[in-house]
Amino acid sequence: MGEYGKREEPRVGVFICQCGTNIGGVVNCEDVVEYARTLSNVAHSEYNMYTCSEVGLSAIKEAIKKHNLNRVVVASCTPRTHETLFRRTCKEAGLNEYLFEFANIREQCSWVHMNEPEKATGKAKDIVRMAVARASELEPRSEVEVDVDRSCLVIGGGIAGLTAASSVARQGFKVTLVEKESKLGGKLKQLHLVYPTFQQASEILQDAVKSVSENENIQLLTSSTVEEVSGFVGSFEVTVRRQDRPNELKVRVGTIIVATGATNYEPPRPSYGYGVSDRVVTQLKLEEILRENRLGRPESVVMVQCVGARKGETWTPGFEELKKSGLVDEAESERSVEEGFPYCSKICCVNAIKNALIIKDRSPNTDVIILYSDIRAYKEYERLYSDARKKGVKFIRYIMELPVEVKTSDGGKLDISFFNTLDRRKMSLLADYAVLSTPLAPSVDNLLLSKTLRIPIGADGFLLEAHPKLGPVDTSTQGIFLAGTAAGPLDLAESITSAKAATARASSLMTPGRLAKEAVTTEVNPTKCDACGLCEAICPFVAPRIVTIDGRKVSQINPILCNGCGTCVAACPRFAITLYHYKDDQIVSQVRTAFSDEVGDRAEPRILMFTCTYCSYAGADLAGVSRLQYPTNVRILRLPCSGRVDPYLVFEAFKAGADGVIISGCHPGDCHFLSGNRMAEQRYKSLQAALDSLGVEKDRVQLEWISASEGQLFAKVVKDMTDKIRALGPNPMRVVKE
Amino acid sequence: MEPDLDIPEKIRPDPSFMEEVLKEPDGEKLRYCFNCGTCTASCVVSRHTEKYRPRMILHLVSLGAKEAILRSKEIWLCAACNTCGERCPQGVNIADGMNVLRRLAIKHGYVPASIRALVSRILVHGRIYEVDEFVEEERQDLGLPPLPSVDKKFIEKLSEKIHSKSPSIVGSDGESK
């Protein structure tokens, strides 16, 4: 896995880019080049007009050959633009890509200190010095590759599962489709007409089943469940239990798509009159009644929205005032928080409107009244709402925080009473049917599924996607994707879309048939590890496992699953884990050289900032792109994640002469590595206690959340911290030269 | 005295009343009402009565509380200033709507005594009030031209029509149904 070659004597080449006047107009590049020559390990130093041009790249390649360079530092723009380009250039010259280091002297120097050319030049020198120190510690790395089996397991044979299975199979991959019921179709079997086209659900189902049964690439296993899943992306080992067979079936797949769907919530009897009369039904039951044409021509039908949904908070504006006004019985309103889910199920509004239109179509004289709190008819479904209004469907706004009572009444009618918000009074409707619009709820299988597949469940009980924007159908486990309502309420069209998205994601792994991982991965030193299990517990990607080797328990990290955040590295109490390319000595080399030289007063007070690549570092770049000006006092270190910041690095910073330290990461909930920033926050809290014992003021260390879009916030943080540290004075651990 | 609008607590939804209203001229637009209450908020009369609420009236119409609406005195209180119609976000002219309800009330035999009294006086005097000698003299003194005399034939024709089409609107005894 790792390369423990003997470290040769570093011969660093430093290439300063003028970038036209972008850098050259502020920073004196000649000065920096001269300065670089004086640094230890630097074998060559030059500057170019545009290092990223053909000319610039050739110059690098020539210099590598001519001066026998084994490390390259380019000081120019942000690595987020050209790191790949320069790495490739090194590779072409015969140098391992991971022996290249980028120094950002544009977005984080010349562009943000345009009025202070002297200080900017000084800062550029510091940045180059830090980069050279780090480059000297870098080691060659190679990427790890695994094979990805060109086969996929689809769990669930509803519309999402069927769509995913046939889409994947059509591309030539083998599919195993496992469905727990004896018939395919999931919820679609129970629907009648679907919106907005009012097609028969059975037609759509027929087509979907056909495309699966006719495809030879699909192995269909009904009345079956997934018992066990082991292995990892590219080579999952799946055990399927079949109801009618004694033996289990074992199958090996490269990817997994989870399309296990959701259930329809039913309120506990007798709330909302459920169970009191057979004319109080859920919308799903109404589908069945309409499909079998059993509704007849009732005088009136009342639909109640949000039954068992949006519970737990007060949504209705003015509800508090209403309680105070005495129009509402205080005791009643306390009773109202019954069972249910806190979220909105999205589809019930349009579904109710659709069913209302069907009823009006078949029986125009039936009065259909929908009791709503808010009508969510999005996309083109607004048209369905207008149609419903035009056809005489009535909408009455009720307060959902107060109970809706459904009782049987004289003459066989149902007495449906509720609080009418517009009339500001309680009223009853005497109707023939009460239809309760209930939410899609998480399937009861989710808990077991999440354990079997090692994928997390969200707070609402549905399966959790990796990131709502960066990974909407991914899970935190590589190779396992989500499709359909298993992840949350979706309508038919959206379920199909998500199934196709999952197909695309799975195909992106299966088509090349190989998965290459960037070489920034971790490794455990088995002699130091005492199998405490902390790394296994905190890694959101399930990369570390405690295994037994030669009778001894140690942690072993799967480099394919490891995302390279380094949170485990900072957590390990034995310092047993190494994150290659962000090793302790590589980071410390930067910390120690940040203020090691004659920085003079260009960096008084001295502030070191640990940033995460995806958010804070990008935020700093944005400040540069926006040409926001801020003080020259901060020296920035780039780490994969704020979770990599081990508290001892902060002590190193103070020992090295920093007056203040900023740890910055993604906003809570947005961490690119899911939970690294949470660990950073926890460590920051314990760090504060430790600082006291060192005699260092707590305020000298700050934790900040800066996102990639917050350039202004970044500049503000730098300004505020500079002012604050200036007021505190030099760090007591520092030896101040007179 | 006609009863105040009795807002029923239990309503048995009946779409036929709404359909009846929609069929009347000026009634079609009432379908668009979504109960925002802008009409009531703007209404001049609402400010001075406790029960006259145009929004509530339209709401009850849509739910089918026919008896309650047609029997009430409230539908006769509209001043026809049209502030509601001007401001309605859905373009509904509520003032016209009140007119529709009045027509339907009469059709179903609910006529306020005051209306009856007005109509019977028109049928007798040709005017809402009798123009007697005092009035004629005053007019002369002020230099105003004399009023045209009442066309008896026209009054007869009008009386015939009213008796055949809406007999309940006539009656000087002040009795309401």
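The values are calculated or read from the model by the stated rules, or taken from the named source; none is laboratory data. Keep in mind it's a predicted model, so treat the numbers as computed, not measured. Every residue, glycine as well, gets a Cβ built from its backbone with ideal geometry; the counts of neighbours run over all protein chains shown.
Among the residues of the range B:46-56, count how many are assigned to a loop (DSSP other than H, G, I, E, B) and surrounded by fewer than 16 Cβ atoms within 10 Å (Cβ to Cβ).
Here is the first cut: in the range B:46-56, the residues assigned to a loop (DSSP other than H, G, I, E, B) are B:49-53.
Narrowing further to those that are surrounded by fewer than 16 Cβ atoms within 10 Å (Cβ to Cβ): B:49-51.
Qualifying residue count, the range B:46-56: 3.
Residues that are modelled with pLDDT of 90 or more and assigned to a strand (DSSP E or B) within the range A:427-461 comprise A:MET427, A:SER428, A:LEU429, A:LEU430, A:ALA431, A:TYR433, A:ALA434, A:VAL435, A:LEU436, A:LEU440, A:ALA441, A:PRO442, listed in sequence order. For the range A:368-394, enumerate the residues that are free of Cβ contacts under 8 Å to residues at least 40 places away in the same chain, within 11 Å of another protein chain (Cβ to nearest Cβ) and more than 37 Å from the chain's Cα centre (by Cα). A:SER386, A:ARG389, A:LYS390, A:LYS391, A:GLY392, A:LYS394, listed by residue number.
If you go through the range A:682-714 and keep only what is over 23 Å from A:CYS568 (Cβ atoms) and free of Cβ contacts under 8 Å to residues at least 60 places away in the same chain, you end up with A:LEU691, A:ASP692, A:SER693, A:LEU694, A:GLY695, A:VAL696, A:GLU697, A:LYS698, A:ASP699, A:ARG700, A:GLN702.
Every test in (1) modelled with pLDDT of 90 or more; (2) in contact with a helix residue (DSSP H, G or I) (Cβ under 9 Å, 6 or more places away or on another chain) is passed by A:LEU694 save one, and that test is (1). If only residues of the range B:31-44 that are buried (at least 20 other Cβ atoms within 10 Å of the Cβ) and more than 12 Å from chain A (Cβ to nearest Cβ) are counted, the one that is nearest to A:ILE370 (Cα to Cα) is B:CYS39. Taking residues in the range A:163-192 that are free of Cβ contacts under 8 Å to residues at least 24 places away in the same chain, and partners anywhere that are of a type in the set (Lys, Arg), the pairs with Cβ atoms closer than 9 Å and at least 6 places apart or on different chains are A:LYS189/A:LYS183.
Each residue in the range A:244-257 was checked for being surrounded by 12 or more Cβ atoms within 10 Å (Cβ to Cβ) and among the polar types (S, T, N, Q), and 1 of them qualify.
Within the range B:61-90, the set of residues being under 17 Å from B:GLU24 (Cα atoms) and within 14 Å of another protein chain (Cβ to nearest Cβ) comprises B:VAL61, B:SER62, B:GLY64, B:LYS66. Scanning the range B:15-30 for residues being within 7 Å of another protein chain (Cβ to nearest Cβ) and surrounded by fewer than 17 Cβ atoms within 10 Å (Cβ to Cβ) gives a total of 0.
Is it the case that A:ALA653 is under 30 Å from A:SER110 (Cα atoms), buried (at least 18 other Cβ atoms within 10 Å of the Cβ), modelled with pLDDT of 95 or more and of a type in the set (A, V, I, L, M)? The answer is no for A:ALA653.
Every residue, every condition in (1) within 31 Å of the chain's Cα centre (by Cα); (2) within 14 Å of another protein chain (Cβ to nearest Cβ); (3) surrounded by fewer than 21 Cβ atoms within 10 Å (Cβ to Cβ), yes or no:
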position: A:VAL404; (1), (2), (3): no, no, no
position: A:SER409; (1), (2), (3): no, yes, yes
position: A:LEU414; (1), (2), (3): no, yes, no
position: A:THR421; (1), (2), (3): no, yes, yes
position: A:ALA441; (1), (2), (3): yes, no, no
position: A:VAL444; (1), (2), (3): yes, no, yes
position: A:LEU447; (1), (2), (3): yes, no, yes
position: A:ARG454; (1), (2), (3): yes, no, yes
position: A:GLU465; (1), (2), (3): yes, no, no
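Is the range A:343-358 home to any residue that is at pLDDT 90 or above, within 14 Å of another protein chain (Cβ to nearest Cβ) and touching a strand residue (DSSP E or B) at 6+ places or on another chain (Cβ under 7 Å)? Quick ask: steps written out before the conclusion?
Quick first cut of the range A:343-358, residues at pLDDT 90 or above only: A:343-358.
If we keep only those that are within 14 Å of another protein chain (Cβ to nearest Cβ) as well, we get A:356.
Next, only the ones that are touching a strand residue (DSSP E or B) at 6+ places or on another chain (Cβ under 7 Å) stay: A:356.
Yes - at least one qualifying residue is present in the range A:343-358.
Is one or more of the residues making up the range A:359-367 more than 14 Å from every other protein chain (Cβ to nearest Cβ) and not in a loop (DSSP other than H, G, I, E, B)? Yes, the conditions are met somewhere in the range A:359-367.
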